[in-house]
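Taking it in order: structure first as structure tokens, then the write-up.
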Amino acid sequence: MTDQARFELFSYWRTSATYRVRVALNLKGVTAQEHNIDIDQGEQRSAAFLKINPMGAIPALIDREEGASPSPLTQSTAILEFLDETYPSPPLLPAGAHARARVRSLAAMLAGDTHPMITPRVKKYLTTAGKFNDADWRAWQTHWFTTGLQALEQRLASEPGTGTYCHGDQVTMADICLASILVVMRVFKIEVADIPTVDRIMASCKKLAAFAKADPRHQVGAPPA
């Protein structure tokens, strides 16, 4: 079975979590058939998609090698680890228990602590039950992006494990998660100051084809530049 036939990715052009999976697929040289789920139109809450992911969250990955009724894989970091175990080269986690824990910790600061604060379901709640207007929502986004990235900057600038990338001189899950936050910030036209180490690492990532190909602006459904 070819990779194209093996994987189906339920995605949307601008989601941070989908971007992570796209970068990992690109790094591994694996393709997937994508199905666009328009979260701006609420398609993630459709009965059909809720059968795939009851959380109504993007992305979801289906591995057709698992049989006629495969269980969808959800949660982007879990998908990254699945891809890393299925396609070990190049590795997304370094050797050594402490190094792997550090990378997972950095990734969790972004995918687990920062990104969930600015997702569409949070926006929907805040703009309905919380009565947020557009300015309130933008201030909320800016606050959490700034909080997360400046905390990450402090670690990256002070810890000896940092190299060309978040950990050493090879791309890891931490870099994928970092880039996923920064590309979505660009979509929202939000900037965070005083993060020179973060900016340096992102500049290195942007030079790699795997990251450039995953850019939200290059995906099906993205608005014209």
Unique residue being surrounded by fewer than 18 Cβ atoms within 10 Å (Cβ to Cβ), more than 16 Å from the chain's Cα centre (by Cα) and closer than 18 Å to Leu110 by Cβ when the list is Gly168, Gly221: Gly168
Hey, can you tell me all the residues within region 186-208 that are of a type outside the set (Ser, Thr, Tyr), in contact with a Leu (Cβ under 8 Å, 6 or more places away or on another chain) and assigned to a helix (DSSP H, G or I)? Val198, Ile201, Met202, Cys205
Tell me, please, whether a residue that is in a loop (DSSP other than H, G, I, E, B) and either outside the structural domain of Ala107 (by TED's automatic domain parsing) or more than 18 Å from the chain's Cα centre (by Cα) (or both) can be found in region 132-142. yes
Checked pairs for region 93-115, first over 15 Å from Thr162 (Cβ atoms), second of a type in the set (Phe, Trp, Tyr), C-beta under 9 Å and 6 or more apart or across chains, list as Asp113/Trp144; Thr114/Trp144; Thr114/Phe145; His115/Trp144
Report the residue count in region 150-185 for those that are free of Cβ contacts under 8 Å to residues at least 60 places away in the same chain and assigned to a strand (DSSP E or B). 1
Note on Thr86: of the conditions (1) hydroxyl-bearing (Ser, Thr, Tyr); (2) assigned by TED's automatic domain parsing to the domain that holds Leu25; (3) surrounded by 14 or more Cβ atoms within 10 Å (Cβ to Cβ), unmet is (3)
For the structure I just gave you, tell me whether Ser105 is surrounded by fewer than 14 Cβ atoms within 10 Å (Cβ to Cβ), modelled with pLDDT of 95 or more and part of a helix (DSSP H, G or I). yes
For region 5-27: of the residues being among the basic types (Lys, Arg) and touching a helix residue (DSSP H, G or I) at 6+ places or on another chain (Cβ under 7 Å), which is nearest to Gly42 (Cα to Cα)? Arg14
Taking region 96-118 as the search range and keeping residues that are among the β-branched types (Val, Ile, Thr) and over 12 Å from the mean Cα position of the chain (by Cα), which one is nearest to Ser16 (Cα to Cα)? Ile118
Just need a number here: residues in region 1-26 that are crowded, with 23+ Cβ neighbours inside 10 Å and either assigned to a helix (DSSP H, G or I) or of a type in the set (Val, Ile, Thr) (or both). 11
Given Glu85, Glu65, which one is outside any strand (DSSP E or B) and at pLDDT below 95? Glu65
Report, by residue number, each residue of region 186-211 that is of a type in the set (A, V, I, L, M) and over 15 Å from Thr15 (Cα atoms). Ile190, Val192, Ala193, Ile195, Val198, Ile201, Met202, Ala203, Leu208, Ala209, Ala210
Failed condition for Asp63, given (1) farther than 16 Å from Ser16 by Cβ; (2) touching a Gly at 6+ places or on another chain (Cβ under 8 Å); (3) touching a residue at least 24 places away in the same chain (Cβ under 8 Å); (4) not assigned by TED's automatic domain parsing to the domain that holds Ile176, with all others met? (2)
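The values are calculated or read from the model by the stated rules, or taken from the named source; none is laboratory data. Just so we're clear, the structure is a prediction, and the values are computed from it rather than from any experiment. Cβ: placed from backbone, ideal geometry, glycine included. Neighbour counts: every protein chain shown.
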